[in-house]
Structure formats: structure tokens, C-alpha cells
Amino acid sequence: MKGRNTPVPHLFAKLTVIYCVAFASGTSLWALRILSRTGHDPAALLGIILGFFGGELTLLCLKTILSNRKEREHGIHL
């Protein structure tokens, strides 16, 4: 059986999405734990952390959209 030597399309984007979703879920669970253990509301901290990961995903989406537009304008087909 031969190994797969072909590159995975959009590997960086896939790994970034998995990373952001995993850590955003982890921070949400962490915030719920803080709330249940101490009674303090961690909404402000959670908003900043989730905003960071949302910004990462937004930049990744814009990068993909703009690179696809450039490819279409110049007739580059990958």
C-alpha cells in the first residue's frame, strides 16, 4: 500500500477552523466552570476570547475570498 504524497487542499484553513472551534468550545466550558464554582460572571472575558477566535476565522474567510477573486481575474486555475 502506497502512502499518500498529494497535498491536502486548504490544509491550513482546515486546521485553523478546527483550532478555533476547539479552543472556543474549551473556553466556553471553562467560563461555565468559573460561573458554577465561584458565582462570578465571566462574560466579559469570554467575549474577548471568542472575539479573538471569531476575528481569526473572519480573516481566514477574507483571505480565501480575496485569493479566489484574484485567481478568477487573472485566469489562474489551481
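The values are calculated or read from the model by the stated rules, or taken from the named source; none is laboratory data. These numbers come from a predicted model, not from an experiment. All Cβ positions, glycine included, derive from the backbone under ideal geometry; neighbour counts span all protein chains shown. Accessible surface is based on the protein model in full, side chains and every heavy atom, while ligands, DNA and RNA are left aside. Shrake-Rupley method; radii C 1.70, N 1.55, O 1.52, S 1.80 Å.
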- Query: Would you say L29 is at pLDDT 95 or above, open to solvent by 80 Å² or more (accessible area, probe 1.4 Å) and aliphatic (A, V, I, L, M)?
  - Reply: yes
- Task: Give the number of residues within the stretch 1-21 that are surrounded by 11 or more Cβ atoms within 10 Å (Cβ to Cβ) and not aromatic (F, W, Y).
- Result: 8
